[in-house]
Amino acid sequence: TLFPLLRAPLASLFGGETEPTAAATIQLPASPTLIAPTAAPTDLPTLPPTLTPVPPTETSALIGIVTFTPTPQITATLTPAPTDTATPVPPTDTAAPTSTSTPVPTDTPTPTPSPSSTLTPTLSATATPIAAGADNRAWTLQLITLAGLPSVIVPAGCATFTDDTPTCFERYAISATEITNGQYALCVEAGACVLPLSGESRTRTDYYTDARFADYPVIYVTWEQARAYAAWIGGALPTFDQWRYAAAGAANWSFPWGVEAPNQALLNFNGFVGDTTRTGEYPAGASWVGAFDLAGNVWEWTATTQGADRVVVAGGSWTSYAGLVGTDITAANPPDDANAFTGFRVVFDVASLD
């Protein structure tokens with residue numbers, strides 16, 4: 001179960017029942033190094049089938065797994081999550097799909113209309129940033145719709161990730177889910193995006209074109225395709241630090257939901273489902289700010305590069321074993337790679353909302 005503060009707001013957006021709690025006021029550590037938010041949003045233009053588990057035949061297209069030094073587990077007591085677990089069975093085939101893939105269908109899915117109402121959160125430019133090490137559960141969920149995308153506010157604050165120096169952030173917003181087939185199709189229809197390099201997924205030949213999968217994460221998109229969508233919608237790809245702060249928070253949790261080991265009630269991973277699932281299908285695994293699927297389902301492109309020819313991806317996918325879905329884990333893909341394991345989400349600058 002997810003701690004109570006997520007229930008009511010997520011219900012208003014995804015149909016679940018949640019109950020917010022009061023936010024805490026916490027002091028900012030001295031002399032933080034601020035990471036400026038990304039570009040401001042503009043006003044522009046999600047029924048899963050029952051799937052039979054199909055063990056995947058490849059792990060991912062991920063190259064050069066890089067792990068950060070794990071942060072010590074926090075000692076806060078978290079609300080227990082469901083206890084049903086499964087013995088991980090890592091995929092056995094490591095062949096990586098490339099951008100050479102099945103021809104792309106020429107038609108596009110009928111996208112699910114974006115919510116028309118905007119849930120306006122209480123925003124304040126003078127709010128005290130959250131201090132590094134603070135309890136994530138003190139944050140009160142804030143939902144907002146930006147450029148038609150259900151999004152959540154990530155409050156200003158700091159976190160200590162890899163050393164003793166806190167990394168601090170100005171407030172920003174992040175899409176509540178990974179970008180879906182239906183959402184991406186709107187950009188294609190507007191002429192600002194090109195079709196995914198394949199319209200298939202691991203077990204579905206009509207994944208991109210069938211309206212049944214309009215609310216599933218778009219896949220087979222390159223880094224440049226993800227960046228083009230983000231620019232069109234008025235946002236940007238998150239840096240890895242932004243992605244990690246939205247996932248781990250000031251408490252630097254090991255997983256978006258806390259410190260409990262991954263299990264099938266919290267995320268789509270380890271090949272248990274055998275393909276992608278509808279975005280937002282694992283509310284118990286949502287992060288402290290209310291973002292779904294930051295662990296599992298699909299890896300997510302970030303804006304952070306690694307060397308001259310690699311881009312950082314984070315979060316793990318539907319085929320990743322438990323060791324690859326932590327908030328401190330990344331991999332690096334060539335920017336022109338597109339595969340059945342990688343999608344993306346976007347961030348927005350919300351300073352103009354004050």
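A Cβ-based charge dipole, computed about the Cα centre of the stretch 263-354 with Lys and Arg at +1 and Asp and Glu at -1, lands at about 200 debye.
Taking amide H positions as modeled 1.01 Å from N, with prolines and chain starts lacking one, the residues under 5 Å from G271 and 5 or more places away or on another chain are T319, S320.
3J(HN,Hα) along the stretch 309-324: 9, 9, 10, 6, 10, 9, x, x, 9, 5, 9, 6, 6, 4, x, 10 Hz, from the Karplus curve 6.51 cos²θ - 1.76 cosθ + 1.60 with θ = phi - 60°, whole Hz, x for Gly and Pro. The phi-based Karplus calculation (6.51 cos²θ - 1.76 cosθ + 1.60; θ = phi - 60°) puts the 3J(HN,Hα) values of the stretch 272-289 at 4, 8, x, 5, 5, 10, 4, 5, x, 6, 10, x, 5, x, 5, 7, 4, 9 Hz, whole numbers, x for Gly and Pro. Taking every DSSP beta bridge that has both ends in the stretch 124-278, the antiparallel portion is near 95%. Legend: residues Y321, Y229, sorted from most to least accessible area (1.4 Å probe; ligands, DNA and RNA excluded), read Y321, Y229. Between amide H atoms placed 1.01 Å from N, distances below 5 Å from R202 occur with T276, all of them 5 or more places distant or on a separate chain.
The apolar share of the surface of the stretch 181-237, taken as the fraction of accessible area on carbon and sulfur atoms (1.4 Å probe, ligands and nucleic acids excluded), comes to 52 percent. With all protein chains present, how much of the accessible area of the stretch 255-354 (probe radius 1.4 Å) comes from carbon and sulfur, to the nearest whole percent? Answer for the stretch 255-354 is 54 percent, counting heavy atoms of protein chains only. Residues whose amide H comes within less than 5 Å of that of C193, counting only those at least five positions distant or on another chain, are V188 (H built at 1.01 Å from N in the peptide plane).
Taking every C-alpha pair closer than 8 Å and separated by at least 6 residues, the mean separation divided by the residue count of the stretch 183-245 gives a relative contact order of 30 percent. Take the stretch 162-267 with all the other protein chains still there, run a 1.4 Å probe, and you get 27 Å² of accessible area per residue. Once both labels are positioned 7 Å from their Cα atoms along Cα-to-Cβ, the gap between D206 and D309 label points is 4.0 nm. The simple spin-label model puts a point 7 Å past each Cα toward its Cβ; for D135 and A231 those points are separated by 4.5 nm.
The values are calculated or read from the model by the stated rules, or taken from the named source; none is laboratory data. Given the structure is predicted, the values throughout are model-derived calculations rather than measurements. With ideal geometry, Cβ positions are generated from the backbone for all residues, glycine too; neighbour counts draw on all protein chains shown. Heads up: the accessible areas ignore ligands, DNA and RNA and are worked out on the full protein's heavy atoms, side chains in. Shrake-Rupley method; radii C 1.70, N 1.55, O 1.52, S 1.80 Å.
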